[in-house]
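**Student:** Just passing along the structure, written as structure tokens.
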Amino acid sequence: HTFNPSQSYYYKTKLNLKKEVFGYKTQNLRRAFCLIGFVLTCGVLLLAFIWRPQWWVWASCIPCALQEADTVLLRTTDEFQRYIRKKVICLYLSTLKFPISKNPEELLVLRYIQVQKIRYVWDNLEKRFRKVGSLEDSNTCYDIHHTFGPGLTSEEQEVRRLVCGPNAIEVEIQPIWKLLVKQVLNPFYVFQAFTLTLWLSQGYLEYSVAIIILTIISIALSVYDLRQQSVKLHNLVEDHNKVRVTIVVKGLQELESRLLVPGDILTLPGKVSLPCDAVLIDGSCVVDEGMLTGESTPVTKTPLPHTENTSAWKSHSLEDYRKHVLFCGTEVIQVKPSGQGPVRAVVLQTGYNTAKGDLVRSILYPRPLNFKLYSDAFKFIVFLACLGVVGFFYALGVSFGNTAPMALLLLTVTVPPVLPAALTTGIVYAQKRLKKRKIFCISPQRINMCGQINLVCFDKTGTLTEDGLDLWGTIPTADNCFQEVHSFASGRALPWGPLCAAMASCHSLILLDGTIQGDPLDLKMFEGTAWIMEDHKVNQCKFGMSDSNVVIKPGPKASQSPVEAITILHQFPFSSSLQRMSVVARLAGEDHFHVYMKGAPEMLVQFCRSETVPQNFPQELKKYTMQGFRVIALAHKALKMERFSEVESLTREKVESELTFLGLLVMENRLKKETKPVLKELSEARIRTVMITGDNLQTAITVAKSSEMIPRGNQVILVEANEPEECAPASVTWQLEICIDIGNSSVPDGERGSCYHFAMSGKSYQVIFQHFNSLLPKILVNGTIFARMSPGQKSSLVEEFQKLNYYVGMCGDGANDCGALKMAHAGISLSEQEASVASPFTSKTANIECVPRLIKEGRAALVSSFGVFKYLTMYSMTQFIGTSLLYWQLQLFGNYQYLMQDVAITLMVCLTMSSTHAYPNLAPYRPAGHLLSPPLLLSVFLNVCFTCIVQICAFLYVKQHNFSTNGSAERNWAGNATLNPGSVLSFESTTLWPIVTINCIAVAFIFSKGKPFRKPIYTNYIFSLLLISALGLTIFLQFSDFQDIYRRMEVSGIHCTPGVTPMCHGIIFDAILQNRELWLLIKKQFGFYSKSQYKNWQKKLAEDSTWPPTNRTDYSDDGRNGFYINRGYESSEQIPKEKLELEGQATEQHFWSRL
């Protein structure tokens, strides 16, 4: 089938970056033929169409233009190439209460599709589906205030409600019958049902019943788990749809939140849970964003400024636009109305377009796992099924009667029905062991992926270091010079001065129910002043406004101050992208205002008058950051204005300029006691560790050295990149850090690539990504420190590591790491907030000891999965060979013979083999990540070949010596006790059955290898006891002389079984094939190298004499190229204003007016 490119287009979503959509039109004749096919194939064709929805579309529809389509087929453009079928739904505008067209007979129809809960409406002018449910980003600040500020008319609201749908995040509780049908229609369960039906029809009752019981339990548990998840998610979002809100429509109107539409004006009377995303236009408020960020500290939101420039509202200035946005699902805990009326906000996004909707969608539609184990397992099962088909035709060929059921039995032998349960047992055991260690998992399939992790990214504050900061001291300035250090350890109160006033007022703390709440750094800084906080209703006549403001007063332990109180009147909140915050305050008894600013020292000095900054500032800053201290700078200026209305009209850029540098606040951030041992353990296991932090670069380097993330004697190369300017292209400077020991001559030349580490800031990372993209892999291969990174940059960095074929783990405290935790192969959150729902793993113990524990359990689970898979493959192949040989004599193993192998050995082995605990030490290499790797394939292949030879020799030996007591048994079914319980015993099955049984026991022992990834087999007491019991029972059955037992087991009393041979040869084969040194030698001799991108880069760079560059500057050759936008970034500070303007040509008003 071919597609016409002109009939398709691409669209992007947050969950799947790109999808391609094709239009189709249903044909009734084709549909009728399909229905006939369903009947003629007894539903097999219907099952195929359920498993492959594109086949149903191709069979029943014809391709057409998208504007004519009644069905669309979506195809993901990732490596999975998955198809999704969607019906085009029609909306009739004639249902509106008011006339939409002058011609009453004209039928106006809107066509839309709904993909992953998001609605896309067909735009006839642009000939594409457009996402609805949100305001266009191209709206300017002027548009937001003046177009939407007055509120929508009732007609506009009605149209938008019809087009956008309800503002609801509804998660349906799936009915049990739906979940059951979905599970049962899984291809493997369908094949299993066919197998069990066949076995039951042939009288193989016991094992069939055992498998049926196991399958029912497995399906029931899966359905129960899915149902519980559905109920929990439903309960999580249920209250969201029941909020009562007040909007502006020719006055105030109260209505249900599900009726909100983008563009509505929402009023915030007080504490409320936000039912939508909205941008604040009047007043300010304090919000708890714990649901989104994992950090339940109050965040102050400020109104969108009144500016008349034509740039998009998100990029009106360098300020982070999130400080104006109220996100759905967050809690408003305090409102501060302006003098113009209540706090008002414009609805930006509704339903699943919101921040909370996106979080729920990420749970409903998780990113598919691209793990080789699962794709290799599928290929292996297909191969076994093909082998079964060969056996089916062989069985038909050797028998000349009506033996189709017998031939089908051979078809079902090759694919063991216990396989799904067996593959998940290792994960279940690992999950149970992790739970005991207080590590909880919401995505069990990722446990196996943890076994392949070879790079772990760590956040710094709260992860590697203690969460809380301790005050160390202040270094004030006077006359352009640093003064004596004031140490907090001395117990003396901080003396009064501008520095004390800045520390007391420049923060975002609030007083809530008598308790001071806010950022821990702000709280610690404020406590250092010994001042106290209280709410105060500011006099409108005095300050020119009516608002609830925070008032700061000296406490009992504070130093004497001539100022009775400081009132904080306005805030410019802290932003991780801006790395600073400022406040406008008024000191009691004064008639003018003051500006206080705090932030990253490197950033803050740019806003200070140069004559106020000490000349030795860089040296003083480096002195403290080199010791691992957290350093904050403070600044101040007086505003010569008497009325607050004048101050309120000032922009942040004007307020934060021409300041006076006040000094430095030094805070201590100690390493957690577990950090150093864990990093050492990971290093010895050859697992790379990387630091991704929002803190100062020099502080991060110092912490990396003190924790030995950067080993002693290794070089650190600082990478600083700058954006292109008018006359100069983008540049990157490589500077060797001189304050470290680089004279370690004992490092071998072969390890040259690991003796240096790149360190850079988020700004440099962004420039390199955009202008030096070819350099990025070279830097990442040895990049260890990434400082001042925004949340979006953290996610982007994790993704870039994954592109180099690293298996990436990410460990963070959940505050700014949510995106990176979701992006990584294994995200481990140390936070217990609701944001941890986005992370596959959550540790209740807030230190990084969980990381090696998780990797150990992942390795054990992965090795167990491989062992179980190899065992079941060997078991199937061994039984297939034995059954095929007996078919030559038109015989089968007896019921109890099968029962012994299938239930007493195989089923119990699969349920207990994986319960072996993880080895306590991390090996310096990972287990194989591919089922189709040479050691694993040869291990199975050689064991199968040897088993085949042994069985054929035994079979021919019996035939040659003619042990049979009834010659007619050779070519009729009388020798098969399955068909005729009173039949004569078969000497062929008597000989082959012990060989097959002992081989099952042998391979179970061989494939249960312990060290280096699991504890020795004898520590798994149940499994060891099972193998010994099974072996003892088999030997007893062979050499006992009880005719009743022989009759039940359908064996004769003549024994000629080489039973110990398979075990001895199997152990020898496995010992040779699992010898890692041997395989490394073979690879080296034949020139085989890893296909991993990072290893190829390491090899290239080790041979490059010019790498790493030091003490030089490189320039890009695209200084005047177009803007490049990294879609991995989440915030607008990375997107140039001009690009946003270019992308926003089709405005919101244009679309709605056309509609």
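The values are calculated or read from the model by the stated rules, or taken from the named source; none is laboratory data. Keep in mind the model is a prediction, meaning the values are calculated, not measured. Cβ atoms come from the backbone with ideal geometry, glycine included; neighbour counts cover every protein chain shown. Heavy atoms of the whole protein, side chains included, go into the accessibility calculation; ligands, DNA and RNA do not. Shrake-Rupley method; radii C 1.70, N 1.55, O 1.52, S 1.80 Å.
**Student:** All but one of (1) of a type in the set (D, E, K, R); (2) over 26 Å from the mean Cα position of the chain (by Cα); (3) modelled with pLDDT of 80 or more hold for GLU206; state the number of the condition that does not hold.
**Tutor:** So the condition that GLU206 fails would be (3).
Yes/no per residue for (1) among the aromatic types (Phe, Trp, Tyr); (2) modelled with pLDDT of 85 or more; (3) closer than 24 Å to PHE378 by Cα; (4) part of a helix (DSSP H, G or I):
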site	(1), (2), (3), (4)
PHE22	yes, yes, no, no
ARG30	no, yes, no, yes
CYS34	no, yes, no, yes
LEU45	no, yes, yes, yes
GLN81	no, no, yes, no
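**Student:** Count, please, the residues in the range 448-470 that happen to be hydrophobic (A, V, I, L, M, F, W, C) and over 16 Å from THR699 (Cα atoms).
**Tutor:** Summing the residues that are hydrophobic (A, V, I, L, M, F, W, C) and over 16 Å from THR699 (Cα atoms) in the range 448-470 gives 6.
**Student:** A further question on this structure: Could you figure out which of (1) open to solvent by less than 30 Å² (accessible area, probe 1.4 Å); (2) closer than 23 Å to ARG1112 by Cα; (3) assigned to a strand (DSSP E or B) isn't true of GLU720?
**Tutor:** All conditions are met except number (1).
**Student:** Of all residues in the range 104-135, which are surrounded by fewer than 19 Cβ atoms within 10 Å (Cβ to Cβ) and either on the phi > 0 side of the Ramachandran plot or part of a loop (DSSP other than H, G, I, E, B) (or both)?
**Tutor:** Within the range 104-135, PRO104, GLU105, GLU106, LEU107, LEU108, GLN116, ASN124, LEU125, GLU126, LYS127 qualify.
**Student:** Also, quick follow-up: Given (1) at pLDDT 75 or above; (2) more than 20 Å from the chain's Cα centre (by Cα); (3) open to solvent by 40 Å² or more (accessible area, probe 1.4 Å); (4) not β-branched (Val, Ile, Thr), identify the lone condition not met by TYR365.
**Tutor:** Among (1) at pLDDT 75 or above; (2) more than 20 Å from the chain's Cα centre (by Cα); (3) open to solvent by 40 Å² or more (accessible area, probe 1.4 Å); (4) not β-branched (Val, Ile, Thr), TYR365 violates only (2).
**Student:** Any residue at all in the range 245-255 that is open to solvent by less than 80 Å² (accessible area, probe 1.4 Å) and modelled with pLDDT of 80 or more?
**Tutor:** There is at least one residue in the range 245-255 that is open to solvent by less than 80 Å² (accessible area, probe 1.4 Å) and modelled with pLDDT of 80 or more.
**Student:** From (1) open to solvent by 40 Å² or more (accessible area, probe 1.4 Å); (2) under 23 Å from GLN1098 (Cα atoms); (3) more than 25 Å from the chain's Cα centre (by Cα); (4) at pLDDT 80 or above, pick out the condition that doesn't hold for SER745.
**Tutor:** Every listed condition holds for SER745 apart from (4).
**Student:** Let me ask you something else. Of these, GLU726, GLU751, which one is assigned to a helix (DSSP H, G or I) and at pLDDT below 90?
**Tutor:** GLU751
**Student:** Among GLU527, GLU534, which is the only one that is within 41 Å of the chain's Cα centre (by Cα) and among the charged types (D, E, K, R)?
**Tutor:** Checking each option against the conditions leaves just GLU527.
**Student:** Identify, by number, the condition in (1) open to solvent by 50 Å² or more (accessible area, probe 1.4 Å); (2) closer than 30 Å to THR307 by Cβ; (3) touching a strand residue (DSSP E or B) at 6+ places or on another chain (Cβ under 9 Å) that LEU650 doesn't meet.
**Tutor:** (1)
**Student:** Then there's this: Scanning the range 458-480 for residues that are over 19 Å from ASN669 (Cα atoms) and in contact (Cβ under 8 Å) with a residue 12 or more places away in the chain, which turns out most open to solvent (accessible area, probe 1.4 Å)?
**Tutor:** Filtering first and then ranking leaves ASN480.
**Student:** Give all pairs with beta carbons closer than 7 Å in which a residue from the range 37-55 that is under 18 Å from PHE194 (Cα atoms) and small (Gly, Ala, Ser) meets a residue that is at pLDDT 85 or above and surrounded by 15 or more Cβ atoms within 10 Å (Cβ to Cβ); count only pairs at least 6 apart in sequence or on separate chains.
**Tutor:** ALA48/TRP55
**Student:** Exactly one condition in (1) surrounded by fewer than 14 Cβ atoms within 10 Å (Cβ to Cβ); (2) at pLDDT below 85 is false for LYS87; which is it?
**Tutor:** The one condition LYS87 does not meet is (2).
**Student:** Then there's this: Only residues that are open to solvent by 40 Å² or more (accessible area, probe 1.4 Å) and outside any helix (DSSP H, G or I): list them for the range 166-202, please.
**Tutor:** Selection gives PRO166, GLU170, GLU172, ILE173, GLN174, LEU185, ASN186.
**Student:** Name every residue in the range 642-672 that is free of Cβ contacts under 8 Å to residues at least 24 places away in the same chain and among the basic types (Lys, Arg), in order of residue number.
**Tutor:** Within the range 642-672, just LYS654 meets the criteria.
**Student:** Further question on the same structure: Out of everything in the range 916-965 that is assigned to a helix (DSSP H, G or I) and β-branched (Val, Ile, Thr), what residue ends up being surrounded by the most Cβ atoms within 10 Å (Cβ to Cβ)?
**Tutor:** THR947
**Student:** Ok, one more. Name the strands (runs of 3 or more DSSP E) wholly within the range 601-693 that hold at least 1 residues that are within 24 Å of MET525 (Cα to Cα) and over 29 Å from the mean Cα position of the chain (by Cα)?
**Tutor:** 629-639, 660-668
**Student:** Next question, about the same structure. Go through the residues of the range 578-596 one by one and say whether even a single one is at pLDDT below 90, within 20 Å of SER761 (Cβ to Cβ) and outside any strand (DSSP E or B).
**Tutor:** Yes: the range 578-596 contains one or more residues that are at pLDDT below 90, within 20 Å of SER761 (Cβ to Cβ) and outside any strand (DSSP E or B).
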